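Participant: Here's a structure for you.
The values are calculated or read from the model by the stated rules, or taken from the named source; none is laboratory data. Not measured: the values here are computed from a predicted model. Note that each Cβ is placed from the backbone with ideal geometry, even for glycine, and that neighbours are counted across all protein chains shown. What goes into the accessible areas is simple: the full protein's heavy atoms, side chains included, and nothing from ligands, DNA or RNA. Shrake-Rupley method; radii C 1.70, N 1.55, O 1.52, S 1.80 Å.
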Amino acid sequence: MNSCIGFILDEKLIEIDFSKERKFTPTTTVLNYLRDLPNHKGVKEGCAEGDCGACTIVIAELDGRNGLQYRAVNSCLIFLPKLHGKWLITVENIKNPDGSLHPVQQAMVDYHGSQCGFCTPGFIMSMFALYKSNLPNTRAVIEDALTGNLCRCTGYQPIIEAAEFALQDRKPDHFSKIEKEIIAILKKIVLKSMQMATDRQKYFMPVSVTELLYIKNQNPDAIIINGASDIALRVTKKYELIPSIIDTMQIEELHVIRKSIDHLYCGSAITLNQLMEVSREWYPAIYEACSVFGSKQIREMATIGGNLGTASPIGDLPPVLAAYKTDVVVVSEKGARIIPVDEFICGYRKTSLKKGEIIKGIKIPKPMDGTIIKFYKVSKRKDLDISTVSAAFRLTPDKEKKINEIKIIFGGMAEMTKHAVKTEKFLKGKSRTRETIEQAMPILEEEFTPISDARSSAQFRSVIAKNLLLRFFDDLADT
Amino acid sequence: MTPKIPHESARKHVTGEAVYVDDMLVNNQLLIGKVVYSPHAHAKIKSFHLDVARNLPGVYAVIRYQDIPGENQMGPVVHDELCLAKDEVNCIGQAVFLIAAESEEICREAEKLIKIEYKPSEAILSIEQAIAKNNLMGPERKIETGDVDKALKKCKHKISGSLTTGAQEHWYLETQAAVCIPGEDNEMKVYSSTQHPSETQAIVAGVLGINRNDVVVEMRRMGGAFGGKETQANHVAAWSALLAKATGQPVKIRLFRDDDQIMTGKRHPYLINYKAGFDNKGKLIAVEFELNANGGMATDLSFAILERAMFHVDNAYYIPNLRVIGRVWKTNQPSNTAFRGFGGPQGMAAIETIVDRIARQLKMDAAEIRRRNFYGINDRNLTHYDQKVENNHLKMMFDRILHSSEYLKRRQDINEFNSKNEFKKKGMSLTPVKFGISFTTSFLNQAGALVNIYQDGTVLVNHGGTEMGQGLHTKIQQIAAAELGISFEKIKLTATDTSKVPNTSATAASSGTDLNGMAVKNAIDKLKSRMIPFIVDHFNEKGEIIKSQIRAIHFINDCIIDSENPARKIDFAKAVNMCYIKQVPLSATGFYRTPDIYFNREKGKGKPFHYYVFGMAVSEVLLDTLTGYHKILRTDILHDVGDSLNPAIDMGQVQGGYIQGVGWCTTEECKWDEKGNLLNHSPDTYKIPSIQDIPEDFRCSLLEDVPNPSTIRKSKAVGEPPFMLAFSAWLAVKDAISAVADHQIEPEFSIPATNEVILLSLEKLRSIKKQ
């Protein structure tokens, strides 16, 4: 078994062999690793939970087309083994070799985008990843790329101006010049089955589903991760030692996206960013749900499998996936089975996965023409905030504009994401009038007993739930 | 003066080279410190066992209050805040024990091994509970003018009500941090992320029981502070110092985000009751305010903050009969503390609520009501504490922003939009700011500086102010460059250091540049007056008939010239070298005290402020009345900074202050459970504005051609006043809510107006409307 990871930092190949390493464990975060080095203190810890972006780094990896793909991610939520085969870029690497500033840095200076400077390295990294992408320099793109970076001083206006300027004319930079060299080194780092074990912890990185299922059978308590954007919090906030982890990063079968005539299939390791891109055309409500999911940094790591597997009562994806009648494909050594997503989630943080089963992917049918699906999220802050309440609606009107079929699924209203069964029943077959909706609202309010917590009161949740029904039908009137 | 110079550390910020306390490379003897704090809001400590933790390998010290060599005290003004709890704890987050160990991990393991038995008792967790128990922090305060009771009785129109304003977490990106390195004898070197190095020095000396000349505090830069590091940075420094003393090794404490949010104080929540009387035209005749502040478990700066709140209940309005009573209540929460605006926002929120209600009651535009009540130039210009409002720009700014924001046209557009849309409503509001500049404790208005000129003509400037991102060092560098007539690059600012400039005040009250800039100028004036006679001699050496005169010597363009005989000039660096050879001292201290300010607390009268800053903003929002979600569509700001020392830096303060204010007014909410646990102790649930929360169209400008007499280079302070421009967004939201009932019913409203507050207010309006 191989226990040594290899990655590039400061243009050099770094190897960490966890069987010999004393200082770092497989669940040491990249942030803590970097801050332990004398020359990477520019990477800051602001919250250790992926909410502030001060620790943002860029990971570049082979894009499968002989090039590199640059992604800005939160180093506070990334375990070291995830660097295997990748190029780790920090704020210290951004300036030009002659000491002059990179265009994103120069723009931040010229537009007065830094005040206290503590968030600045993170902003630079997010802007740098954007610089290396082919996305346009529109305000929407910039805001989306920088939502995961909090600044308490500037009010963001000068940062937006700096980004707009830096991104308007993107010339090859010093990273472009060494890409070939880097690619050559990265290609030499073999992706192979790995097991990193310390006396207190096992961290597996299998390369196939078969191997994954075997390891899972041998280690039934092992936690399966991919992005680990949620699981990492147990390490960074609760200081848990997770004894056994299986990381699916290297399993190609789980990274598959297949579009056929009537459905879309996504492997469980597909990130929310990838899902967002691929759903733009057929599944606008999924696109909408993804666009308000965490930040771009989080979406780069968070996966479909992780979001389903965690079975959170707030459930970012499950309501909208249920509205699209998505199936979850699960496999075990015994074979595969298909579970509708609203049966897959079966209780507070509980899934219907049986022992030895793992989430392989999801299958989203293309809705029939005329079916209307919408997603709503209500949170204290619109972006990078966990839902107080989320809702997905599916409506199929019949020819007389009556409600032929309606599905209403809420997150944040119960111990799990749940259909508003009584309301659905009441509305089915009725005509789409204001009166009908107003009659349905108290029914909806009745059928849930939400809780009060740090995010909101129960009363607020109840009001929101019934209002979202009205909001949905009001939005339909516009279309 | 060179405008729009980037922040002096901008290049270091963008390259990650800027060093913050946690980034310092300390030798490998550095230990990590951790605070074990109370999980109870109010409890007796019955027993505890430290030995198991002490014996854990890698643990170097576990200390308790008996181990404090000096005074167990860190209250900055009133000595009512223990450094480590004795036999009782008074809030969740209160420090009980300290651990020093090789790593954070070992600290955490050691903490788990400390067994403490508490006996919880009843806790006071809100202003209302404190009032019910009459748990005052100190005597109530009062400022009064006119005859309020008599005037109120006569008023035709009266309103009364109450307003609550919430706590606000500072959310500086860099959490509290300090490194302490023990030296020879009793010496302690402290690197602290503090706004007040002199007080940090005093508190460290106090807990260690040593003299202040044994303690040096150094502060290069903070990763944000906003008032949160004015007094409470002292705590982390004191704890680190105690551990460094106990172990004889360097010790660093950097609070984890959640610990920082749980342990440190916030902006004071206020409960404000008011009664106001006004005439048919909406002119204020009499107002009575009762301010109740949640002080938390110790005094900290609560009374100074209360005082500023009381000074700002008039905001920009002349109120002939005004009484304001202020009380600070003691609760079992961490001691609330300074936060940008320092009570000003709470006081001003109350009067802005009153003015807004008057407009709704009289069915008039609120901006017009505001205009009618502005302080006058020649009359109606005396505040309730008897200070005359001088150099008043309110009406001029009102006219300008009304025009530039197209307020009247947009008001019509909004009315039209609202009449056509059932569930989406727009709202708009124009609000002014008048903010007094100076520490209201008059003696604090002093500053010192040390300026060294070296033989190569480079200059090192040190002053008592600290850099927290606000650009103070950049402005000071510009001031020094302008006063010495040399280029910006020749001047270097050093870290703030208590051994270079002693007995300084906090960098607070927006006064950093006003005070320290003047002190630096004073030092430079001394140096110039020492150099000039030698320059004159040098110019006159050749026996010219027309002699060079002292009065004609100017420092300009890296030279020293005789302005009456411009051919006579000498390069600055050469002149410096010449002065050195002539044995002229090239190092000078500078000092400044703000003239003519005083305040008599017993009478509630005086001139507490050197001058006022004015600002005005118009914000427009779009509200979804079904979800409470709103977006700021456009904000126009016109702000007064006198002659700007650096328009880019000033603009940064204006925009940043406004957005921080929007956060306090909308999404930033602190909630506690029934046991006193803070529920929003991380950015997961505590939501400061993100990049998507700023106005879609954000138009800021600085008022030009209004030099401020008698300040450094005719500038004005800028740090705090823009914060309160956010009331325009807050009241725009209220205006949009109000539109649901055609502005006929007064909506319930408070700070923060979270979407929950907004939605429940809307629901109430709808149900009243139905009846």
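Participant: Would you mind checking which residues have amide H under 5 Å from residue B:88's amide H? H placed 1.01 Å from N; only 5 or more apart, or other chain.
Facilitator: Counting only residues 5 or more places away or on other chains, the set is B:45.
Participant: Here is a follow-up. Between residue B:379 and residue B:46, with labels modelled 7 Å along Cα→Cβ, what's the label distance in nm to one decimal, could you check?
Facilitator: For residue B:379 paired with residue B:46, the spin-label model returns 7.2 nm.
Participant: Follow-up. Counting Lys and Arg as +1 and Asp and Glu as -1, what is the net charge of the other residues whose Cβ lies under 10 Å from the Cβ of residue B:635? Numbers along the way, then the final one.
Facilitator: Values: positive: B:634, B:699; negative: B:620, B:636, B:696, B:697.
Here the charged neighbours net out to -2.
Participant: Another question, if that's okay. Would you please calculate the Kirkwood hydrodynamic radius of the range B:371-506 over all C-alpha pairs and express it in Å, rounded to one decimal? Intermediate results must be reported in sequence, preceding the final value.
Facilitator: Working: mean 1/r = 0.0498 Å⁻¹.
So the Kirkwood estimate lands at 20.1 Å.
Participant: Using a Förster distance of 51 Å, how high is the FRET efficiency between residue B:132 and residue A:193, based on the Cβ-Cβ distance and rounded to 0.05? Display every interim value, and only then the final one.
Facilitator: Values: r = 66 Å, r/R0 = 1.30.
Efficiency, rounded to the nearest 0.05: 0.15.
Participant: Residue by residue through A:38-48, how many Cβ atoms from other chains fall within 10 Å of the Cβ on average? All intermediate terms of the calculation are to be shown ahead of the outcome.
Facilitator: Values: counts 2, 2, 2, 9, 9, 2, 7, 7, 9, 12, 4.
Across the residues of A:38-48, the mean count of other-chain Cβ atoms within 10 Å is 6.
Participant: Next question, about the same structure. Using only protein heavy atoms and a 1.4 angstrom probe, determine the accessible area buried between B and A, summed over both sides, in Å² to the nearest 100. Please report the intermediate quantities before stating the final value.
Facilitator: Numbers: alone 30250 and 21780 Å², together 45640 Å².
When B and A are taken together, about 6400 Å² of accessible area is lost.
Participant: Strictly over 21 Å apart at the Cα level, which of B:189/B:252; B:153/B:275; B:119/B:229 would you flag in this model?
Facilitator: Over 21 Å apart, Cα to Cα: B:119/B:229.
Participant: Which three extents, in whole angstrom, do the alpha-carbon atoms of the range B:446-593 cover along their principal axes, largest first?
Facilitator: 53, 27, 25
Participant: Something else about it: Residues with beta-carbon under 10 Å from that of residue A:121, excluding residue A:121: net charge, scoring Lys, Arg +1 and Asp, Glu -1? Please list the in-between numbers first.
Facilitator: Numbers: positive: A:41, A:44; negative: A:92, B:17.
Counting the neighbours of residue A:121, the net charge comes to 0.
Participant: While we're on this one: How shielded is A:125-131 by partner chains, expressed as the average number of their Cβ atoms within 10 Å of its Cβ atoms?
Facilitator: Working: counts 1, 0, 1, 0, 0, 0, 0.
Other-chain Cβ atoms within 10 Å of each residue's Cβ, averaged: 0.
Participant: With an 8 Å Cα cut-off and a minimum separation of 6 or more residues, compute the relative contact order for chain B in percent. List each step's numbers first, then the result.
Facilitator: Values: 1886 pairs, mean separation 111.9, N = 771.
Reported as a whole number, the value is 15 percent.
Participant: Please compute P(r) over all alpha-carbon pairs of the protein assembly as shown, binned at 10 Å starting from zero, and give each bin as a whole-number percent.
Facilitator: 2, 9, 17, 21, 21, 16, 9, 4, 1, 0, 0, 0
Participant: Can you tell me the relative contact order of the range A:103-172? Whole percent, Cα pairs under 8 Å, sequence separation 6 or more. Please report the intermediate quantities before stating the final value.
Facilitator: Numbers: 68 pairs, mean separation 35.5, N = 70.
Relative contact order, the range A:103-172: 51 percent.
Participant: Then there is this: If each DSSP helix of 4+ residues adds -39,500 (n - 2.57) and the sum is divided by the residues in chain B, what number results at 222 nm, nearest 500 deg cm²/dmol?
Facilitator: Values: 19 runs with 229 residues, N = 771.
Mean residue ellipticity at 222 nm (helix-derived): -9000 deg cm²/dmol.
Participant: Here's something else I'd like to know. Just for the Cα atoms in the range B:470-545, what are the lengths along the principal axes, largest first, rounded to whole Å?
Facilitator: For the range B:470-545, the Cα extents along the three principal axes come out at 53, 24, 19 Å.
Participant: Over the range A:256-475, with every protein chain in place, what whole percent of the accessible area is carbon and sulfur at 1.4 Å, could you tell me? Walk me through the numbers before you get to the answer.
Facilitator: Details: 4540 of 8720 Å².
Carbon and sulfur: 52 percent of the exposed surface of the range A:256-475.
Participant: For residue A:363, go through the aspartates and glutamates and keep the ones whose alpha-carbon is under 19 Å away, minus same-chain ones fewer than eight residues off.
Facilitator: Correct list for residue A:363: A:252, A:253, A:262, A:277, A:281, A:288, A:316, A:327, A:342, A:343.
Participant: Still on this structure: What does the accessible area of residue A:111 come to, in Å² to the nearest 10, when a probe of 1.4 Å is used?
Facilitator: Estimated to the nearest 10 Å², residue A:111 gives 80 Å².
Participant: May I ask you to order A:58-64, A:142-148, B:22-28, B:691-697 by the average number of other C-beta atoms within 10 Å around their residues, highest value first? Can you show the working numbers first?
Facilitator: Working: A:58-64: 17.1, A:142-148: 24.3, B:22-28: 13.6, B:691-697: 20.0.
Going from most to least packed, we get A:142-148, B:691-697, A:58-64, B:22-28.
Participant: Same structure, new question: If you take each beta carbon of peptide B:162-175 and count the beta carbons of other chains within 10 angstrom, what is the mean?
Facilitator: On the way: counts 0, 0, 0, 0, 0, 0, 0, 0, 1, 5, 5, 17, 9, 4.
The mean count of partner-chain Cβ atoms within 10 Å per residue comes to 3.
Participant: Turning to a different aspect of this structure: Which of rounded, prolate, oblate describes the range A:352-479, given a ≥ b ≥ c as roots of the alpha-carbon gyration tensor eigenvalues and a/c under 1.5 marking rounded, otherwise prolate only if a/b is larger than b/c?
Facilitator: Values: a/c = 1.71, a/b = 1.16, b/c = 1.48.
Note, shape of the range A:352-479 comes out oblate.
Participant: List, in order, the whole-Hz ³J(HN,Hα) value for each residue of the range B:20-34 obtained from phi through the Karplus relation with A = 6.51, B = -1.76, C = 1.60 and θ = phi - 60°; use x for Gly and Pro.
Facilitator: 9, 3, 6, 8, 5, 8, 10, 5, 6, 8, 4, 9, 9, x, 9
Participant: Further question on the same structure: Under the definition of Cα pairs under 8 Å and six or more residues apart, what whole-number percent is the relative contact order of chain A?
Facilitator: 11 percent
Participant: What would the Debye formula give as log10 I(q)/I(0) at q = 0.17 Å⁻¹ for the alpha-carbon point model of the range B:328-395, no solvent?
Facilitator: Results for the range B:328-395 at q = 0.17 Å⁻¹ read -0.83.
Participant: Next question, about the same structure. Which Rg and Dmax, in Å, describe the Cα atoms of chain A?
Facilitator: Reported Rg and Dmax, both Å: 23.3, 72.
Participant: Extension gain residue B:142-residue B:549, at 0.36 nm per residue separation less the Cα-Cα distance, in nm?
Facilitator: 140.9 nm
Participant: Can you give the extra length, in nm with one decimal, that the chain gains between residue A:201 and residue A:13 once fully stretched, where that is 0.36 nm per residue apart less the Cα-Cα distance?
Facilitator: Details: separation 188, 0.36 × 188 = 67.68 nm, distance 2.53 nm.
Here the segment from residue A:201 to residue A:13 would lengthen by 65.1 nm.
Participant: For the pair residue A:433 and residue B:705, how long in nm is the line joining their label points, each one 7 Å along Cα→Cβ?
Facilitator: About 6.5 nm separates the two model spin labels.
Participant: Per residue, how much accessible area does chain A show when a 1.4 Å probe rolls over the protein heavy atoms, in square angstrom? Mind dumping the intermediate values first?
Facilitator: Working: 18540 Å² over 479 residues.
So chain A comes to 39 Å² accessible per residue, rounded to a whole number.
Participant: Give, as ranges by residue number, the residues of the range A:169-193 whose backbone N falls under 17 Å from the point 7 Å along Cα→Cβ of residue A:219.
Facilitator: A:192-193
Participant: Could you check the simple spin-label distance between residue B:494 and residue B:537, using points 7 Å along Cα→Cβ, in nm with one decimal?
Facilitator: 2.8 nm
Participant: In vacuo Debye scattering of the range B:682-746, one point per C-alpha: log10 I(q)/I(0) at q = 0.16, 0.17, 0.25 Å⁻¹?
Facilitator: After summing over all Cα pairs, the log10 values are -0.86, -0.91, -1.17.
Participant: Continuing with this model, one more query. Any idea of residue B:299's accessible area? Nearest 10 Å², probe 1.4 Å.
Facilitator: Estimated to the nearest 10 Å², residue B:299 gives 10 Å².
Participant: Which of the lysines could a cross-linker span from residue B:112 if the Cα-Cα distance has to be under 17 Å and same-chain partners fewer than 8 positions apart are dropped?
Facilitator: Partners within reach: A:237, A:238, B:34.
Participant: Tell me, what does the Kirkwood hydrodynamic radius of chain B come to in angstroms if you use every pair of distinct C-alpha atoms? Kindly include the intermediate steps, with their values, before the conclusion.
Facilitator: Details: mean 1/r = 0.0361 Å⁻¹.
Across chain B, the inverse of the average 1/r is 27.7 Å.
Participant: Filter the trypsin sites (Lys or Arg not before Pro) in the range A:1-31 down to the DSSP loop ones having no more than 12 other Cβ atoms within 10 Å, then list what survives.
Facilitator: Working: sites: A:12, A:20, A:22, A:23; in loops: A:20, A:22, A:23.
Within the range A:1-31, the qualifying trypsin sites (Lys or Arg not before Pro) (loop, at most 12 other Cβ atoms within 10 Å) are A:20, A:22, A:23.
Participant: Still on this structure: For the range A:103-172, go through all pairs of different Cα atoms, get the mean of 1/r, take its inverse, and jot down that Kirkwood value in Å.
Facilitator: Working: mean 1/r = 0.0857 Å⁻¹.
Computed over Cα pairs of the range A:103-172, the Kirkwood hydrodynamic radius comes out at 11.7 Å.
Participant: Considering protein heavy atoms only and a 1.4 Å probe radius, which residues within the range B:723-760 exhibit an accessible-area decrease of no less than 50 Å² in the full assembly relative to the chain by itself?
Facilitator: With the partner chains in place, the range B:723-760 has these residues losing at least 50 Å²: B:755, B:756, B:760.
Participant: When all alpha-carbon pairs of the range B:634-699 are counted, what percent fall beyond 16 Å? Don't jump to the answer; show the numbers that get you there.
Facilitator: Details: 1256 of 2145 pairs.
Pairs farther apart than 16 Å: 59 percent.
Participant: Which residues, if any, in the range A:345-393 lose at least 40 square angstrom of accessible heavy-atom surface (probe 1.4 Å) when the other protein chains sit next to their chain rather than the chain being alone?
Facilitator: Residues passing the criterion (a loss of at least 40 Å², heavy atoms only) are A:380, A:381, A:382, A:383.
Participant: For the range A:256-475, what D do you get in µm² per second when you plug the Kirkwood radius from alpha-carbon pairs into Stokes-Einstein at 4 °C and 1.567 mPa s? Before the final figure, lay out each step's value.
Facilitator: On the way: Rh = 17.6 Å.
Stokes-Einstein gives a translational diffusion coefficient of 73 µm²/s.
Participant: Order B:721-728, B:516-523 from most to least packed using the mean count of other Cβ atoms within 10 Å.
Facilitator: Working: B:721-728: 30.0, B:516-523: 26.6.
Highest-to-lowest ranking by the protection proxy: B:721-728, B:516-523.
Participant: If you don't mind, another one. What is the local net charge at residue B:606, summed over the other residues whose Cβ is closer than 11 Å to its Cβ (Lys, Arg +1; Asp, Glu -1)? Show your work: numbers first, answer last.
Facilitator: Values: positive: B:601, B:603, B:605, B:607; negative: B:386, B:596, B:602.
Residues close to residue B:606 contribute a combined charge of +1.
Participant: Stick to Cα atoms and the Kirkwood definition of Rh, then tell me Rg/Rh for the range B:429-529. Provide the component values of the computation, followed by the final result.
Facilitator: Values: Rg = 14.7 Å, Rh = 14.3 Å.
My calculation puts Rg/Rh at 1.03.
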